[in-house]
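Below is one structure, written out as structure tokens; comments come after it.
The values are calculated or read from the model by the stated rules, or taken from the named source; none is laboratory data. Keep in mind that this is a model prediction, so the values were computed, not measured. Cβ coordinates were reconstructed from backbone atoms using ideal geometry, including for glycine residues, and neighbour counts include every protein chain displayed. Side chains are part of the model used for accessible areas, which takes the heavy atoms of the whole protein and leaves out ligands, DNA and RNA. Shrake-Rupley method; radii C 1.70, N 1.55, O 1.52, S 1.80 Å.
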Amino acid sequence: MMKPFRQAQLTHVNRKIFNYRLSRARRIVENAFGILVARFRIFHTAINLKLKHIDSVVMACCVLHNFLLKMVPSSYAPPECFDRENTSEDTILTGYEAQNYHTYGLNRSNLGNPPRSAKELREDFMRYFVNEGQVPWQQDCI
């Protein structure tokens with residue numbers, strides 16, 4: 001839910017690194033949810049449960065997925081199912097595509113500028129990504 005820096009704001013390499021890392025994290029989360037959608041039919045439609053119970057359903061699906069992945073990996077999840085990242089060449093080999101059944105976009109709740117606390121948090125993450133949280137290939141990917 002964090003907002004990347006706009007193109008006009010990418011005046012410093014630290015901001016470019018932040019946008020790269022944010023984009024990479026978003027892709028990983030989208031892939032993870034895509035796996036759940038592909039494996040569990042409950043995610044094909046709106047979940048007709050109280051909001052407080054949906055967390056339990058998602059967690060149960062994650063636990064079941066991890067169990068099956070560990071116990072029967074060759075039949076449950078062959079390698080060609082998943083995206084793979086080649087960091088040395090900065091390429092992505094895509095796995096099977098999940099069908100986009102009934103997913104809905106998020107509505108924007110704040111059409112103005114984000115609150116100052118959100119901007120400060122983004123700056124904190126940016127500093128982390130270029131200091132103690134840096135990864136060896138991030139300079140090559142911006």
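Odds and ends about this structure:
- Filter result (at pLDDT 90 or above, open to solvent by 70 Å² or more (accessible area, probe 1.4 Å) and of a type outside the set (Val, Ile, Thr)) within the range 49-72: LEU49, LYS50, HIS53, ASP55, SER56, MET59, LEU64, ASN66, PHE67, LYS70, MET71
- Taken as a whole, the range 38-47 holds no residue that is at pLDDT 90 or above and closer than 29 Å to PHE125 by Cα.
- Residue count for the range 19-48, restricted to those that are under 18 Å from THR87 (Cβ atoms), open to solvent by less than 80 Å² (accessible area, probe 1.4 Å) and not aliphatic (A, V, I, L, M): 7
- Close pairs from the range 127-139: first among the aliphatic types (A, V, I, L, M), partner part of a helix (DSSP H, G or I) and open to solvent by 30 Å² or more (accessible area, probe 1.4 Å), Cβ under 7 Å, at least 6 apart: VAL130/ASN14
- Residue satisfying condition, being modelled with pLDDT of 90 or more and within 30 Å of ASP140 (Cα to Cα), within set PHE82, PHE18: PHE18
- Scope the range 20-38; condition touching a Cys at 6+ places or on another chain (Cβ under 7 Å) and without any contact (Cβ under 8 Å) to a residue 60 or more places away in the chain; matching residues: LEU36
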